[in-house]
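The numbers here are math on the coordinates, done by the rules we state, and not lab data. Note that the coordinates shown come from a computational prediction; the quantities given were computed from them, not determined experimentally. Neighbour counts run over all protein chains shown; Cβ positions are idealised from the backbone, glycine included.
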Amino acid sequence: MSNDAPIPVTVLTGFLGAGKTTLLNRILTEQHGKKLAVIENEFGEVGVDNQLVIQSDEELFEMNNGCICCSVRGDLIRILGRLMKRKDRLDGILIETTGLADPGPVAQTFFTDDEMRAKFRIDGIITVVDTKHILQHLGDSPEAQKQIAFADVLILNKTDLVSPADLDRLEARIHKMNSAAKIIRAQNANVPLEAVLNVGGFNLSRATELNPAFLEPEYPFEWAGAYPLPIGTHELVIGHCHHDEHEHEEGHECTCGHDHAHGEHQHEEHAHDHDEGEAHDHDHCHHHHGNPDELDVVVMPVKSLDEKDLVTARDAAVLTFSDWENKVKDGDTLTPGGTLHRLLLKDGHGHYKLQIPHEGHFLVFEGCGEDPLHIHVAGDTVKPVWQKDFQHTHSHEDAVSSVGISEPGELDGKKLNDWIGKLLKEKGADIYRMKGVLAVRGSTKRLVFQGVHMLFDAKFDREWAGAPRTNTLVFIGKNLDRAALNESFKACLS
């Protein structure tokens with residue numbers, strides 16, 4: 001391969017607990033002689049996967065605090081930018097997504113930027129399928145369906161846990177969902193490397209056939225508006241105008257520029273501009289991405305309303321949305337600039353002070369919510385002079401959440417066994433995935449555990465070797481009680 005040829009990128013995906021990390025470790029331990037970089041993404045506030053991936057010579061990059069297809073996509077772009085600057089050429093890049101990721105936007109990253117297109121190429125999307133549990137998720141998880149639909153190679157993993165007849169029926173169903181993908185059956189992800197690396201399987205025309213909007217970027221925000229504001233402290237309000245009810249009855253438009261008409265709303269699938277004075281259907285996402293009592297907002301000045309300046313501000317906002325958030329309580333002050341403000345709402349409402357340092361136009365980028373945004377100056381509602389919808393169609397199941405625990409100390413082995421047994425019995429159906437690295441009293445080695453629903457596996461691996469004996473674990477599932485999990489786990493500490 002010449003030094004000018006694009007570096008092949010393999011996207012490794014699959015629903016929670018399918019066996020992605022097992023396959024990744026197989027790739028890293030094989031004597032393939034390739035120089036690879038690994039990019040990982042986790043769902044949850046405590047990173048575990050980087051501890052589960054075996055130690056290797058490959059470079060490992062971890063992105064946390066969000067989903068790779070949403071809030072941390074700016075991190076992905078930054079990491080790829082660093083890899084571009086390497087003097088020694090990589091043979092390939094592996095991207096392991098969280099089990100809740102839609103792989104489409106990840107692959108899309110490499111087609112919507114000319115430099116990315118020149119330096120990298122998507123070699124294939126490899127989807128690992130948990131044959132034991134996938135049927136539980138296909139009906140209610142759009143992510144699981146998209147992971148199968150976008151795959152170039154489908155690995156039906158854990159085939160030893162289902163009967164041959166059930167496996168045949170599952171393969172037939174999956175083949176109907178994606179007839180173009182190569183299907184491989186496996187146990188413990190024991191597939192030949194040539195089946196997952198350099199497969200040359202990604203087909204752009206097929207991706208656009210599955211999703212006509214594939215090459216239209218998705219953004220971590222779904223709406224932006226430009227407001228002409230004077231210097232001073234103004235009021236930013238989330239919630240309906242006090243005069244909405246009267247204007248709805250009269251059929252008039254609210255002066256803030258948003259159409260609050262009751263009844264069915266049609267969510268815009270593609271980004272488009274609104275002329276000044278045109279009503280904006282601010283229905284937002286049909287599903288909340290995260291907590292419905294929080295709304296992410298970025299406010300930044302813009303030099304002008306020329307297309308070039310607006311695009312520059314939009315790209316800056318993408319990176320800001322991938323950064324750490326500043327939580328803003330009702331009545332607190334927020335200022336423009338490169339800060340992601342997470343507005344804490346109560347029943348969809350909130351009032352905040354917006355401190356404007358100089359007169360000019362200010363862009364407000366709004367994340368995924370359902371209640372309209374207004375800016376008041378001296379009691380009058382300021383109307384946006386430019387506004388735009390952005391495609392943000394991805395959402396996770398509202399009921400799915402992540403609970404991370406990190407506690408120093410040593411665990412009592414018997415208490416730990418009893419706790420896990422009780423937890424699986426009572427909550428196993430709701431726990432999609434659990435994994436962690438634990439310190440058990442009396443052992444010099446780390447206890448690594450993995451669980452999917454009722455299935456559980458734990459084994460000692462390498463020595464702690466002077467590293468802090470800290471217990472790190474994460475639960476991903478439905479109806480998880482964070483306080484109860486933390487309290488019951490702490491009771492296992494000796």
Please give every one of the lysines within straight-line cross-link reach of Lys87, meaning a C-alpha to C-alpha distance under 20 Å, and leave out same-chain neighbours fewer than 8 residues apart.
Lys34, Lys35, Lys119
Taking other Cβ within 10 Å of each residue's Cβ, how do Ser163, Ser141 sort, fewest first?
Ser163, Ser141
Where does each of Ser304, Ser179 land when they are ranked from fewest to most other beta-carbon atoms within 10 angstrom?
Ser179, Ser304
Using Cβ counts within 10 Å as a stand-in for footprinting exposure, how do Glu407, Glu222, Glu30 rank, fewest first?
Glu30, Glu407, Glu222
Under 24 Å from the Cα of Lys478, which lysines turn up, not counting those fewer than eight places away in the same chain?
Lys20, Lys132, Lys146, Lys158, Lys346, Lys422, Lys425, Lys427, Lys435, Lys490
Once phi is turned into θ = phi - 60°, what whole-Hz ³J(HN,Hα) does the Karplus curve with 6.51, -1.76 and 1.60 give for every residue of segment 406-417, x standing for Gly and Pro?
9, 9, x, x, 10, 9, 7, x, 5, 4, 4, 4
